[in-house]
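Visitor: I'd like to ask some things about the structure below.
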Amino acid sequence: YERFLVIGVDLQTDGTVGIAVTNLRNEILFCHSYDISSLETAEEIAAFTKEQFLANAASCAPEDACYIGIGISVAAIYDATNACLVSSSIEKYEGVPMKALFSRCFGLPAYVDNSSNFKAISVHTIHKLDNIVCLDISQGTGVGIICNGGLLRGKNGYGGEVAHVPIGDPSLKCP
């Protein structure tokens, strides 16, 4: 578990990128935030993130470490149909194929999801609860739902999004 590492990228707050490195026991080997307010595009942010990773985070890893993937937390919905971010609270990420962009930049498999889903998965993993509703209020508002032990995705990844959950009148349907 010490040799296999995951890179975490936090893009939930406008003007900031967080970079973390963890091993497979979720032990944090590196964690730091950087100001990216001068960067204008997602491509610039991905390149900056890799540059900071190589300059700072890579040195915290064991000599024989193997990076197995990168996880990117966003304040948006990852639309599984078009593989792009939608309903992003950070305008420059709207419509961006973040998974493909970071995978290409780092040469690693990438996983993109909104922060509320990551938090719900984390609580499920640690506490072994089968049903969880995780409300996340930060740059935007999101809901991560674990139902019967699995992440509720719904059609195209919109299952837990507040605007897509009918509350009250079951005849109301999200367009």
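Visitor: Yes or no: the stretch 44-65 includes at least one residue that is part of a strand (DSSP E or B), without any contact (Cβ under 8 Å) to a residue 40 or more places away in the chain and open to solvent by less than 80 Å² (accessible area, probe 1.4 Å).
Guide: No, there is no match, as no residue in the stretch 44-65 is part of a strand (DSSP E or B), without any contact (Cβ under 8 Å) to a residue 40 or more places away in the chain and open to solvent by less than 80 Å² (accessible area, probe 1.4 Å).
Visitor: Okay, moving on. Quick check on my filter: what residues within the stretch 1-37 are modelled with pLDDT of 95 or more, in contact with a helix residue (DSSP H, G or I) (Cβ under 7 Å, 6 or more places away or on another chain) and assigned to a loop (DSSP other than H, G, I, E, B)?
Guide: 36
Visitor: Please verify whether residue 74 is open to solvent by less than 40 Å² (accessible area, probe 1.4 Å) and farther than 19 Å from residue 18 by Cα, treating the condition exactly as stated.
Guide: For residue 74, the condition - open to solvent by less than 40 Å² (accessible area, probe 1.4 Å) and farther than 19 Å from residue 18 by Cα - is not met.
Visitor: Report, by residue number, each residue of the stretch 83-118 that is under 12 Å from the mean Cα position of the chain (by Cα) and crowded, with 19+ Cβ neighbours inside 10 Å.
Guide: Scanning the stretch 83-118 gives 85, 98, 99, 102, 110, 112, 113, 114, 115, 116, 117, 118.
Visitor: Just a yes or no: is a residue in the stretch 11-30 without any contact (Cβ under 8 Å) to a residue 24 or more places away in the chain, β-branched (Val, Ile, Thr) and surrounded by 13 or more Cβ atoms within 10 Å (Cβ to Cβ)?
Guide: Among the residues of the stretch 11-30, at least one is without any contact (Cβ under 8 Å) to a residue 24 or more places away in the chain, β-branched (Val, Ile, Thr) and surrounded by 13 or more Cβ atoms within 10 Å (Cβ to Cβ), which makes the answer yes.
Visitor: Listed residues 65, 46; which is touching a helix residue (DSSP H, G or I) at 6+ places or on another chain (Cβ under 6 Å), small (Gly, Ala, Ser) and at pLDDT 90 or above?
Guide: 46
Visitor: I need a count of the residues in the stretch 122-144 that are under 14 Å from residue 77 (Cα atoms) and modelled with pLDDT of 80 or more.
Guide: The total comes to 2.
Visitor: In the stretch 82-153, which strands (runs of 3 or more DSSP E) lie fully inside it and hold 2 or more residues that are in contact with a helix residue (DSSP H, G or I) (Cβ under 8 Å, 6 or more places away or on another chain) and either polar (S, T, N, Q) or touching a residue at least 60 places away in the same chain (Cβ under 8 Å) (or both)?
Guide: Filter on the stretch 82-153 gives 141-147.
The values are calculated or read from the model by the stated rules, or taken from the named source; none is laboratory data. Just so you know, these numbers come straight off a predicted model, no measurement behind them. Positions of Cβ are backbone-derived with ideal geometry, glycine not excepted, and every protein chain shown enters the neighbour counts. Just the protein is used for accessible areas: all its heavy atoms, side chains included, with ligands, DNA and RNA removed. Shrake-Rupley method; radii C 1.70, N 1.55, O 1.52, S 1.80 Å.
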